[in-house]
Amino acid sequence: MQADRLGVLTGVHFIDGDHACAEGALAAGCRFAAGYPITPSTEVVERLASRFPLVGGLFVQMEDEIASSIAIQGAVWAGAKAITVSSGPGISLMAEHIGYAAMTETPCVFVNVQRGGPSTGLPTLPGQADVMQARWGSHGDYGIIALSPNSPQEAFDLTVTAFNLSERFRCPVVMLLDECIGHMLEKVVIPPAEEIEVVPRRLTTRPPGEYLPFQPGPDGVPEMVKAGMGHRFHMTGLTHDERGYPVMTAAAQDALVRRLVDKVARASREIALTEARDLDDAQVAVVSYGITSRVVVRAAELARAKGIKVGTLRLKTIWPFPEHRVEELLQTGVRGLVMPELNLGQLVLELERVARGRARVVRVPHAGGTVHDAETIVRAIEEAAK
Amino acid sequence: MSAQTTGRETTTRNPAPAADCAAPENPVLRYLRQDRLPHIWCAGCGIGTSVNCFARAVDACGIHLDQLAVVSGIGCTGRVAGYLKLDSFHTTHGRAIPFATGLKLANPSLKVVVYSGDGDLAAIGGNHLIHAARRNVDLTVICVNNFTYGMTGGQVAPTTPLQAVATTTPYGNLEEPFNLCHLADSAGAVYVARWTTYHVRQLQKSITRALQKRGFSFVEVLAPCPTLYGRRNRVGDGLAMQRLFKERAVVKNGVATRETNFDIYGHGPIPVGDFIDRDRPAFLERYNAHMARALGDQFVPYGDITVDEKAEADRFAGPEG
């Protein structure tokens, strides 16, 4: 389905990643947003507050992030596509409702413009230390998708993708920007609406009485419903059956929670978006995401100039972790893996898990607050090439 | 709008199924998910009585049931949503009001009721209560106040009277309780009423009135919790607590809510009645008027475009979107 023209600001723009993210939401058909101010993410909702009244959307500044993260879900069950936006401390407050969205299979998008943490940390400076929070931030087992753009253009593109994936899998999707991407001004090309593919809500066409709101289709994903359609359905954050009724048994728990995890996990190849560069002859691969991937471009050039056969794999999808892409690297002769990230070693744990000792994995940790020095990454590449 | 939601009558009483003509049944039954009964509430609990009044109020004001949604939080009263045969949402602890805010704002044609308990709405959810009242979101909030946390075993709540024994105040409660009606009034609610589960007719009428109001309406229902409050504080069973409501409640319609404090299981009158009934533009009314003023013809009110109506966007077709 094509994007709604009214929301698509077709043209060439010079905007930052936060604004581009807002335009991506508009292009994807998002017409409801709730948020609470927090640096460095506020520009996203500021732009939505300005643009929504022109396109039939509604922004509400709620009393806190907890309210924001559940107000959007109320809007979704009324039929809207909805988004909320925050950064570290606010995302921590939203954690319960990320789990609620997973449990109630509410398609919605949570944007986290990452800053340095923990706690109040470095409000105006970058970090990438929320990648594990994006995966495991709410209690219990559940499937979730997280995407990480490395430019304002991609903040636009991937926000559209985030909405599409949330509708496709009926699960929350986390957009993991970082402060650099959020505040970086670059050229952003917004294509004509007819060139933007938008996944519509999968509203059931079954009549009341024949529809069960949590009965999965062949792909493990149930059809959606909204209030006012006459189904008089129930939904709950309690463990529930296909009718949405609470069932407090281990069997119901097993059936539901496995499905919530599997519907995402089994589609991980479809969801995994990556970008490969110079990997054909590579013996070392640098795996990175977000702002760090832009330093990696320079580091890889410097290492190539030193004669090291190095390539790069950039992860646009963080979760589910694109492990089949890492597996392919190992199959094609890569013997050293390097992962720089603006944390003290989070996503590299996934890399180590997938490598299972078949390649040397070199960590390039950084506590955040700025980006890596390219030379530091070059030294890690040299170590991995030994 | 989708075919399912157009052309519905919205002003007449809800017709009973034809089968009911032969054998009259309790008129409340068809508002309940009978496949979920029996419910979980204890003997003597007041929540079921409030549900009975709510169902009769819905019946009386003739809202089409397809356009009525109920949102609950967590706790004993939080289970109400699951028993009502409506579009019903059992949300997280304390967050029924912000969920309902999103639901209402994203589909203004819905009538949205928040049905939850005192702990859920006034403790963990207290901030949302006052802000929704301040915004005057068009919601009806029914707060069953049983002065304790029932589901978790009888802990102290922000409504528990001074000196009362709870599992977390084994030597008696030392904190002053909230007067919820005064709180809702101060925050801007357009309709505020309090009754007890003894006052079933009055409660039903007040809920009817609340459902008919446009804006944030708040109905407090004082209810017995004999299992976890009454037993521990020697106030007797459910019947004894109903008798207490009967004997000590004093109807004070229109009285200033600051005058409506009470000590439920102590001494003195328990003021009940319709305290506040006033008009103030609801959130969306104000939003639409404000944006139309600020943006003129450029303003597109919410709901002109929804996710299943994108085809209509073609009417805006031009050289550039």
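Annotations
- In chain B, the longest principal axis of the Cα atoms and the axis of helix B:238-248 are about 90 degrees apart.
- Centre separation in Å (Cα based) which lies between segment A:139-174 and segment B:136-161: 37 Å
- Contact order normalised by residue count of chain A, Cα under 8 Å, 6+ apart, percent: 17 percent
- For the residues B:Ser217, B:Ser186, B:Ser50, a GNM of chain B with alpha-carbon springs under 10 Å puts the largest fluctuation on B:Ser186.
- If you model segment A:5-195 as an ellipsoid using its alpha carbon gyration tensor, with each semi-axis the square root of five times an eigenvalue, the axes come out at 22, 19, 15 Å, biggest first.
- Listed peptides A:150-158, A:53-61 by packing density, highest first (mean Cβ within 10 Å): A:150-158, A:53-61
- Where Rh is the Kirkwood radius over Cα pairs, Rg/Rh for the protein assembly as shown: 1.02
- Remark: the protein assembly as shown carries a charge dipole of roughly 1560 debye about the Cα centre, counting +1 on each Lys and Arg Cβ and -1 on each Asp and Glu Cβ.
- Within segment B:211-294, the proportion of Cα pairs with more than 19 Å between them is 55 percent.
- 1.4 Å probe accessible area per residue over segment A:235-317, in Å²: 44 Å²
- Distance from segment B:53-114 to segment A:1-24 (C-alpha centre basis), Å: 35 Å
- With every protein chain in place, the protein assembly as shown: carbon and sulfur % of accessible area (1.4 Å): 53 percent
- Mean-position separation - Cα centroids, segment B:245-290 and segment B:212-244, in angstrom: 16 Å
- If you run the Gaussian network model on chain B, springs between alpha carbon atoms under 10 Å, then out of B:Gln34, B:Gln155, B:Gln212 the most flexible one is B:Gln34.
- Debye log10 I(q)/I(0) at q = 0.15, 0.17 Å⁻¹ for segment A:41-102, Cα point scatterers: -0.45, -0.57
- With a 1.4 angstrom probe, the accessible area lost at the A-B interface totals about 4800 Å².
- Note on chain A: with a GNM built from Cα contacts shorter than 10 Å, the maximum mean-square fluctuation among A:Met229, A:Met175, A:Met339 falls on A:Met229.
- Around B:Arg280: net Lys/Arg minus Asp/Glu count, Cβ-Cβ under 15 Å: +1
- Long pairs among B:Lys111/B:Lys246; A:Lys263/A:Lys316; B:Lys205/B:Lys246; B:Lys213/B:Lys246; A:Lys81/B:Lys85; A:Lys187/A:Lys309, criterion Cα-Cα beyond 23 Å: B:Lys111/B:Lys246; B:Lys213/B:Lys246; A:Lys81/B:Lys85; A:Lys187/A:Lys309
The values are calculated or read from the model by the stated rules, or taken from the named source; none is laboratory data. In this text the structure is predicted, and so the values were computed from the model without any measurement. Cβ: placed from backbone, ideal geometry, glycine included. Neighbour counts: every protein chain shown. Accessible surface is based on the protein model in full, side chains and every heavy atom, while ligands, DNA and RNA are left aside. Shrake-Rupley method; radii C 1.70, N 1.55, O 1.52, S 1.80 Å.
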